[in-house]
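Participant: A single structure is presented below for examination.
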Amino acid sequence: MILKKRLFSAIFLLQIFMISQASAKGVLNPYDTIRYHEAFDQDLLYKKYEKLMHVLGCAPNVFGDDSDDKFFLKSKRYVYGSHDQGYIFEKQIIDEIERYQQDCLKRLNYARFMVLAEPGIESAMYIGFGGLAALAAIYLFGKESAGGSYSGYSAIFSAAYELNGLGKSLYNLAFPPNNSLDSLENYFAKNKCFIPKILWSKIINAFIDARQTDALKEKSINFLKFALGFTVYRLPIKGIFRSEHAIVEIKNELDQRIDRFFYEYSINEQERISLTHIKINVAKFIDALIDTSKKPPRYIYLHGLGGIGKTHFVQTLASWLEELMPKAIYYQDLVINSITELEGDENKPGAFLKILRNQTMENKIGSVVMIDEATWLNDHDMVSAAKRIFNGDRTRLSTAYFGLDVDGSAVALDMPPMLIFVASNEELADLALASRFDIVNYPLPTKETLAHYAYKIVQSSNVLSNYSSKIGYDEVMAWIHSIDFKNLNFRYIAGHIETYFLNKVLS
């Protein structure tokens, strides 16, 4: 009799527990409990598509082994064989990538399915356990006994309640609820192998946080949108160089174009020597595009008066590189106004991190960067931050925005080649900072060059359209000779020539 009472108490407590658990179930959105670590666990897929990982250059990232990838990382910059062979090879890779990404989505979709089905699965289990418990009680106490009757009633009540969970699952599977992170989840699943491994756990944690409170949601989604752009291992499949000989031809062509560009400048011997820094670093940049193990270019500091064409030259150089190496180069102009903009912090990405992200989003293999109006390099409050950013290690990018590494230092990412120009009309005062740059004394344009520039403005000006026939080249040259030396630049001419000649013709 005592044994029966104990069994009755145990069954009663078990049923109460199941009912309480059932009452506690239910979330506003079932996707909030998705198991992201399982959804994005792709280790078996990496092994299945191991050859593809090597061809894409992702093997060092996903396997932590670069023994076989130097060949692939280098060879991808070249067209494979003949035009037809190259096309076939490229198509095969694209088809294989498509199969791989579909498998990645299948794993994610299975996790989504399970999070919708789990309430129904749990309900079915509770109904089953409740029924077994009731049958056991009826068997032990008899169906006419108080214990048996209560157990049967409890099982029916619990089953009726659990049908709610089963119904929810069936409804959610038939009509899936809104998933606000759907596109971000799909993107990460398909592109995880291209994103640096050090960011994987941080991205997954951001997905988890985005499913929590509204306070975390906005910050986490902004982080995800930024971090998912770092597909640094996704390089163009089609080659950008025809052969080793083509690389030499490109370097020679760029040397000649740089010389022709500065034919229109008045260059002394010291300036001519300093301009060789540009040619040397452009060559290093191209070498680094082909083989990232090559020594990267140094930072280039363009020093000279304002308005003499420093920005125009860098923009022109970037256009030449894009012309000679189609779809390979990303270009960006920057103006820095604060330490946070330059270096970034845990809440805001720094300048170079943004550039790297923009470059990878454009699927380019290198960047040309122009940081203009950089007088802040002589600001005492900015010097320390500048030394940390322009640190000489051009292969790694340290960033506080992605948090700390296991050793407590800021997370560092591999940096694709960047040709970085910094321009200012001031010399660098800090010698230690200056030593990290190749200093180029940017020359002044000749008066003939300024006169040609001014004359083109006159001929195309809407303001002077009724009088341009009366304004000859000699008059323009005479005006150039009358300008004070400190104003002999393109910016001053563009801002004053229309006013000068309009007043002249109207007087």
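Participant: Looking only at the range 405-418, count how many residues are in a loop (DSSP other than H, G, I, E, B) and in contact with a Phe, Trp or Tyr (Cβ under 7 Å, 6 or more places away or on another chain).
Facilitator: Of the residues in that region, 1 qualify.
Participant: Now for a separate question. Of the residues that make up the range 329-346, is at least one buried (at least 20 other Cβ atoms within 10 Å of the Cβ), β-branched (Val, Ile, Thr) and either assigned by TED's automatic domain parsing to the domain that holds residue 426 or under 28 Å from residue 445 (Cβ atoms) (or both)?
Facilitator: So far as the range 329-346 goes, yes, one or more of its residues are buried (at least 20 other Cβ atoms within 10 Å of the Cβ), β-branched (Val, Ile, Thr) and either assigned by TED's automatic domain parsing to the domain that holds residue 426 or under 28 Å from residue 445 (Cβ atoms) (or both).
Participant: Only one residue in 381, 372, 405, 414 is closer than 14 Å to residue 433 by Cβ and among the acidic types (Asp, Glu). Which one?
Facilitator: On inspection, the qualifying residue turns out to be 381.
Participant: For residue 374, which of the numbered conditions (1) surrounded by 15 or more Cβ atoms within 10 Å (Cβ to Cβ); (2) of a type in the set (Gly, Ala, Ser); (3) modelled with pLDDT of 90 or more; (4) farther than 21 Å from residue 389 by Cα fails to hold?
Facilitator: (4)
Participant: Here's something else I'd like to know. What is the one condition in (1) outside any loop (DSSP other than H, G, I, E, B); (2) farther than 30 Å from residue 277 by Cβ; (3) modelled with pLDDT of 85 or more that residue 462 does not satisfy?
Facilitator: Of the numbered conditions (1) outside any loop (DSSP other than H, G, I, E, B); (2) farther than 30 Å from residue 277 by Cβ; (3) modelled with pLDDT of 85 or more, the odd one out for residue 462 is (1).
Participant: Has the range 312-320 got any residue that is more than 25 Å from residue 350 (Cβ to Cβ) and hydrophobic (A, V, I, L, M, F, W, C)?
Facilitator: Taking every residue of the range 312-320 in turn, at least one turns out to be more than 25 Å from residue 350 (Cβ to Cβ) and hydrophobic (A, V, I, L, M, F, W, C).
Participant: Could you grab me the full set of residues in the range 347-363 that are surrounded by 22 or more Cβ atoms within 10 Å (Cβ to Cβ) and in contact with a Lys or Arg (Cβ under 8 Å, 6 or more places away or on another chain)?
Facilitator: Answer for the range 347-363, where residues must be surrounded by 22 or more Cβ atoms within 10 Å (Cβ to Cβ) and in contact with a Lys or Arg (Cβ under 8 Å, 6 or more places away or on another chain): 349, 360.
Participant: Sticking with this structure for a sec: Can you say whether residue 357 is in contact (Cβ under 8 Å) with a residue 24 or more places away in the chain and either acidic (Asp, Glu) or under 26 Å from residue 228 (Cα atoms) (or both), as far as the supplied structure shows?
Facilitator: Spelling it out, residue 357 is indeed in contact (Cβ under 8 Å) with a residue 24 or more places away in the chain and either acidic (Asp, Glu) or under 26 Å from residue 228 (Cα atoms) (or both).
Participant: Is it the case that some residue within the range 388-404 is among the aliphatic types (A, V, I, L, M), more than 30 Å from residue 264 (Cβ to Cβ) and part of a loop (DSSP other than H, G, I, E, B)?
Facilitator: Taking every residue of the range 388-404 in turn, none turns out to be among the aliphatic types (A, V, I, L, M), more than 30 Å from residue 264 (Cβ to Cβ) and part of a loop (DSSP other than H, G, I, E, B).
Participant: Determine which single condition residue 450 fails, assuming it passes every other condition in (1) in the same structural domain as residue 343 (by TED's automatic domain parsing); (2) touching a residue at least 12 places away in the same chain (Cβ under 8 Å).
Facilitator: (1)
Participant: Among the listed residues 464, 419, 428, which satisfies the condition of being within 30 Å of residue 196 (Cα to Cα), of a type in the set (A, V, I, L, M) and touching a residue at least 24 places away in the same chain (Cβ under 8 Å)?
Facilitator: Step by step, each of 464, 419, 428 is checked, and only 419 is within 30 Å of residue 196 (Cα to Cα), of a type in the set (A, V, I, L, M) and touching a residue at least 24 places away in the same chain (Cβ under 8 Å).
Participant: I need the helices (runs of 4 or more DSSP H) fully contained in the range 192-307, keeping only those with at least 1 residues that are under 24 Å from residue 369 (Cβ atoms) and in contact (Cβ under 8 Å) with a residue 40 or more places away in the chain.
Facilitator: 214-227, 244-261, 269-290
Participant: Considering the range 386-433 alone, what residues qualify as being among the polar types (S, T, N, Q) and in contact with a His (Cβ under 7 Å, 6 or more places away or on another chain)?
Facilitator: 424 - this is the single residue of the range 386-433 that is among the polar types (S, T, N, Q) and in contact with a His (Cβ under 7 Å, 6 or more places away or on another chain).
Participant: Any idea which of (1) assigned by TED's automatic domain parsing to the domain that holds residue 377; (2) farther than 22 Å from residue 263 by Cβ is the one residue 423 doesn't satisfy?
Facilitator: So the condition that residue 423 fails would be (2).
Participant: If residue 28 satisfies all but one of (1) surrounded by 11 or more Cβ atoms within 10 Å (Cβ to Cβ); (2) at pLDDT below 80; (3) within 22 Å of residue 108 (Cα to Cα), what's the number of the condition it fails?
Facilitator: Condition not satisfied by residue 28: (1).
Participant: Any residue at all in the range 312-322 that's under 22 Å from the mean Cα position of the chain (by Cα), buried (at least 21 other Cβ atoms within 10 Å of the Cβ) and not assigned by TED's automatic domain parsing to the domain that holds residue 490?
Facilitator: yes
The values are calculated or read from the model by the stated rules, or taken from the named source; none is laboratory data. Just so we're clear, the structure is a prediction, and the values are computed from it rather than from any experiment. All Cβ positions, even for glycine, are placed from backbone atoms using ideal geometry, and neighbour counts span all protein chains on display.
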